[in-house]
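Read-outs: derived from the displayed coordinates by stated rules, not from any lab. All figures in this text were calculated on a predicted structure; none of them were measured in a lab. We place every Cβ from the backbone using ideal geometry, glycine too, and count neighbours over all the protein chains shown.
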Amino acid sequence: MFDYLFAQYNEYPIHEVYLELTAVFFGLWSVWCAKKDHIWVFPTGLISTSIYAYLLWQWSLLGDSMINVYYFIMSIYGWYHWTRKKDNIDEFPISTMNGKERIMAVIIFVLTVVFVVIVYLYFNKFASWYSYLDTILTAIFFVGMWLMAKRKIQNWIFWIVGDLLSIPLYLAKGYTFTSFQYIIFTIIAVYGYLEWKKILNSSQNLELHQ
């Protein structure tokens, strides 16, 4: 079992192993901060996503590489969005999606699938089931990151689904540390949803009694 999970690392450049472990560390830290609704979700995420954007391109997971470039950009946007205050109160607190945002989420999903398919076809990378799953995952995570940057509670639903699908993908590709990371991501995402739900309910009850 140990050889199945880790033997492939004997063939990897040592710097890629260290980079993957560093990205895993900052990725877990970032998701934990997201669970706590803490602004450090973004600077830690910037480190993790920049490393993974490079590694995933090296590993021919083009969709996931583009996800991390997108994460990097959206982390900058989210960092700005979360810090905006009005009269010392968060201008954009945790909330639920409205009708327009649901439509926008569908549009982002569809456009992302189309874009990633074009990229895979251009580079002639549709060689296995990895590529097809990677295409769907890219769309799921694009929507999830957009919702998180906007502080919408539904972002956790997309993270949970995407994380669960990522576990077998990275395990099958031989990136065991990253696969283990997604197991932990899934657990944190479930607790993140529950914690954000509690915060949202508290704020709604407070508004009702004002």
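Can you name every residue in region 189-210 that is surrounded by fewer than 20 Cβ atoms within 10 Å (Cβ to Cβ) and of a type in the set (A, V, I, L, M, F, W, C)?
190, 194, 199, 200, 206, 208 - these are the residues of region 189-210 that are surrounded by fewer than 20 Cβ atoms within 10 Å (Cβ to Cβ) and of a type in the set (A, V, I, L, M, F, W, C).
Anything in region 169-184 that is in contact (Cβ under 8 Å) with a residue 40 or more places away in the chain, buried (at least 16 other Cβ atoms within 10 Å of the Cβ) and small (Gly, Ala, Ser)? List them, or say none.
174
I'd like the full set of residues that are more than 23 Å from residue 81 (Cα to Cα), hydrophobic (A, V, I, L, M, F, W, C) and over 11 Å from the mean Cα position of the chain (by Cα), limited to region 137-169.
Result: 164, 165, 167, 169.
Would you tally the residues in region 135-190 being among the charged types (D, E, K, R) and more than 19 Å from residue 74 (Cβ to Cβ)?
1
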